[in-house]
Amino acid sequence: MKSVTIKTQAALETVSSIVLLPPSISRRGTSVVSRRVSLASLAATIYDVAGLDWSPLTSRYDAYPRSLTPLFMPLPPRVAHVVLPAQAPQDHTAVDREREETMRALGYLQ
């Protein structure tokens, strides 16, 4: 099995992560990634290892995290695509009203 150690910065703590891949996937030996990464990249990394094309997520969400896969293995071929449902319009009227009532009750609004 291949072992990859990734240090992530969560809040003010450094967290080491170990990724174990089966020999059929890994093409490199054990490696240590020393650059700062985020746990938010975990989903994108799993999508890449599974061969999912998750590019629709980056087109809908500008700040979607990057995959860590290129740091420890070549990208596998894409075998499936992520399909996002159509965005439904959202009515925030009730939430806005509740927030305003709370702010009035606390004395922030008159």
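Bear in mind that the values in this text are calculations on the coordinates, not laboratory data. The structure presented is a predicted model; accordingly, all values stated were derived computationally and were not measured. Cβ coordinates were reconstructed from backbone atoms using ideal geometry, including for glycine residues, and neighbour counts include every protein chain displayed.
Some values worked out for this structure:
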| read-out | value |
| --- | --- |
| Reciprocal of mean inverse Cα separation for segment 62-110 (Kirkwood radius, Å) | 16.1 |
| Scaled radius of gyration (Cα, divided by 2.2 N^0.38 Å) that segment 12-110 gives | 1.65 |
| In segment 47-80, the chymotrypsin sites (Phe, Trp or Tyr not before Pro) that fall in loop regions by DSSP, at most 11 other Cβ within 10 Å | Y61 |
| Within segment 20-110, trypsin sites (Lys or Arg not before Pro) in DSSP loop having at most 16 other beta-carbon neighbours inside 10 Å | R27, R28, R66, R78 |
| Amide proton proximity set for S17, modelled H, under 5 Å, gap of 5+ | I6, K7, T8 |
